[in-house]
1. Using only C-alpha atoms and all pairs of different ones, pull out the Kirkwood radius for segment 1-80 in Å with one decimal.
2. Within segment 16-67, report the trypsin sites (Lys or Arg not before Pro) that DSSP leaves as loop and that have at most 16 other Cβ atoms within 10 Å.
3. Note down the net charge around VAL77, summing +1 for each Lys or Arg and -1 for each Asp or Glu among other residues with Cβ under 13 Å from its Cβ.
4. Cut-off is 10 Å between beta-carbons; in what order do ASP190, ASP93, ASP85, ASP213 appear when sorted fewest neighbours first?
5. Can you run phi through the Karplus equation (6.51, -1.76, 1.60; θ = phi - 60°) for segment 154-170 and list ³J(HN,Hα) in whole Hz, with x for Gly and Pro?
6. Sort MET180, MET138 so the one with the fewest other Cβ atoms within 10 Å of its own Cβ comes first.
7. For each of LYS140, LYS252, count neighbouring Cβ atoms within 10 Å of the residue's Cβ, then give the residues from fewest to most.
Amino acid sequence: MLPNSGVALRRQLAIIFEDEEPRNAVTRLFNFALALLIVANVSCVILESVEPIRRNFAATFELFEHAATAIFAVEYVLRIWASVDFRDKRYHDPLWGRLRYTRSFFALVDLLAVLPALIGFMGAADLRVLRLLRLLRMLKLVRHSTTFGLLFSVLREEARSVAALLFVLLLTVTISGSLMYMIEGEAQPDVFTSIPAAMWWAIETLTTVGYGDMVPMTALGRIVGGIVSIVGIGTLALFSGLITVGFLDQLKLYREQHPKIAVAVTDKTITVHQSHRERLGDGANLSPVSSARERPAIPVPAVCPHCGSVLSHAATRDAEHSEPFGA
């Protein structure tokens, strides 16, 4: 068993590492520093590809890479250690919970952030490939972005619709590529050499890219090309509309789950509320009924039940403290 100080430290780390926890000042500072480190590290990887810069600053790049790798490794180990205190109940078991967390998406991303450098230290792979693999550290920024979370939610909620659109695109590419191979294969045997080559032309046409490396020359081929272009525009427009609507729905749901509370109260209400808290204590939980009872009574003139005339102040006090008839 850990001492109380170790448990408290682990829980504090869980609050910082947990993505679903409210963002306090410490969490924001940690996320900002980590994002800055990732951007700086990726920038160094990009600058290392320039030969003069790499030759003049090789030692600096190597030192910074070692420091960044050490920080990412410590972060990875601490996240696994604190995962038992995350909100997800699947990770609460000291052993199996941590092993289950290591198979999660962001845990694998954290592992990819340190794995290329560790392999490079052992000299088990090409250093040029490992430098490029370090660019995968940019995926760590996805954890701290609300936009990516919303996009993942859209793809998860609209998975069937997206799959249907992708199937339509695949079907269109296959059919149009086969037709174009049959039509243009004899006229341009060096260009439309096979159905896969013609499918590349179909992808260019459906996405409205049109590199110009493969262009139909026959009249029938141009007709098919025009039809494929129109189908591609309609399909991509439908796909964009689906993603846009789903994103707006998820954004609305996110705003409903994370509302910005803004309560407008009058000065009089604030004064009465503060006076009650001072009298009853800060921990008092005043319900509307109790707060209504605690309000100071406003004097109301008493009326004689026999003649209907307004009584004097002294008579009003006596009427207020007297018991009703039949009590």
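Bear in mind these aren't lab numbers, they're just calculated from the coordinates by the rules spelled out. Here the structure is a predicted model, which means the values were calculated and not measured. Counting neighbours? That spans all protein chains shown, and the Cβs are built from the backbone with ideal geometry, glycine included.
1. For segment 1-80, inverting the mean 1/r across all distinct Cα pairs yields 14.8 Å.
2. Passing sites in segment 16-67 are ARG23.
3. With Lys, Arg at +1 and Asp, Glu at -1, the net is +1.
4. Arranged by neighbour count, lowest to highest, ASP190, ASP93, ASP85, ASP213 become ASP190, ASP213, ASP93, ASP85.
5. Once θ is set to phi - 60°, the couplings for segment 154-170 become 5, 5, 6, 6, 9, 4, 5, 5, 5, 5, 5, 5, 5, 5, 4, 5, 5 Hz.
6. MET138, MET180
7. Exposure proxy ranking, most exposed first: LYS252, LYS140.
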